[in-house]
Amino acid sequence: MPTETKIDRNDPAQLEAGRAILLQQLDEAHATEHALVTNLRAHIAMTPPGSYRESLERHLEETRQQERALAQRIREVGRDRGLLHAAYGVLTTAVGQALVLTKGPLDLVRGGASGEQKLLKNARDEVASEALEIAIYDALEALAHALGDESTAKLAARHRAQEERMLAELRAHIPHLGHAVVQARAGGRPSFEWETAAKSTKSTKRTRSAKPPTAGYESLTASEVVSKLPDYTQAQLRAAVAYERAHRKRATVIERAQALQESEPFDGYDELTAREIAQRLPDAGEPTARRVREYEGRHQRRVEVLETAQRQLSGTSS
């Protein structure tokens, strides 16, 4: 395994160089999210209603929020360094990266391939973009930890969790999109109509009935819902966002629910009781125990889980 290189925070030159690189990486992340907003809009415009489009629409909202959060963090880091630093990453993005991330609008009008083939190609391109973003946030989080910048590290971890969830969704969609390509070609009749897709983007509203995440949810005020959201499972958080978009459209609820969405520490975590999680932790490694402590602290904050995770971490570090 490679040896970890650490920054000497007592060396002013190393510290200043590290902060400059951190700001540069924040700019790169911001530029990437900005470009992906354009890309996702273009892909949504050519995607008919269904689960694939729903994933794209949800992630477009996440990407917009990520772009705003990064711009704010860039301003904060710039102020800390005594710089009047705006979010200029969009202007400094490498030409090659910009071409990769903004080619979606060209795909919309490019002929030759069938609708099914274009959707499959879009999904493959989106997978590559998600992998790029995950790598960007991996590097950003590591550098932020090395510099002791926990605010930036938490932002990077939160964004990476959203990208990892989107990557998993895209990979689940790809087999179905591939089957559609084969069916369209074998049957000699396309199942995808460009005109229908374009019209649906402009005028079609969601017709599926979004159900409330919990009993009695409809009677809660926005502030009451926001106070309860940390106790929701990831499935309930997704249901809350879907319900709000389809019915109440309360921005404060949607934004808070999306901010709490992330990957569980391990599969099935949200379905376990505090006792069941505590019983599994002694056999878990340090990374899992740390992830449990962080996740539980942001969500249900169950004392038994937090104390067990802390004991596990204390034991592995002794």
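Nothing in this text is a laboratory measurement; each read-out follows from the coordinates by a stated rule. Owing to the predicted nature of the structure, the values given are computational and were not obtained by experimental measurement. With ideal geometry, Cβ positions are generated from the backbone for all residues, glycine too; neighbour counts draw on all protein chains shown.
For the reader, a short list of remarks on this structure follows.
- Ranked packing of 166-178, 51-63, most packed first, by mean Cβ within 10 Å: 51-63, 166-178
- Counting 0.36 nm for each residue step from residue 37 to residue 300 and taking away their Cα separation leaves a gain of 91.5 nm.
- If R0 equals 25 Å, the separation of the Cβ atoms of residue 280 and residue 172 corresponds to a calculated FRET efficiency of about 0.45.
- Efficiency of FRET from Cβ geometry, residue 179 and residue 154, R₀ 30 Å, rounded to 0.05: 0.15
- FRET efficiency, 1/(1 + (r/R0)^6) with R0 30 Å, evaluated for residue 13 and residue 64 via beta carbons: 0.20
- For the stretch 266-318, the alpha-carbon coordinates run over 31, 18, 16 Å along the three principal axes, in decreasing order.
- When peptides 12-19, 276-283, 151-158 are ranked by their average number of other Cβ atoms within 10 Å per residue, the highest-first order is 151-158, 276-283, 12-19.
- Prolate/oblate/rounded call for the stretch 206-263, Cα gyration tensor, a/c under 1.5 rounded: rounded
- Placing +1 on the Cβ of every Lys and Arg and -1 on the Cβ of every Asp and Glu, with nothing else charged, gives the stretch 206-263 a dipole about its Cα centre of roughly 320 debye.
- Relative contact order %, the stretch 266-318, counting alpha carbon pairs below 8 Å whose residues are six or more apart: 40 percent
- Each residue in 73, 79 was given a count of other beta-carbon atoms within 10 angstrom of its own, and listing them fewest first yields 79, 73.
- Under 16 Å from residue 228, Cα to Cα: aspartates and glutamates that are on another chain or at least 8 residues apart: 218, 244, 255, 270, 296
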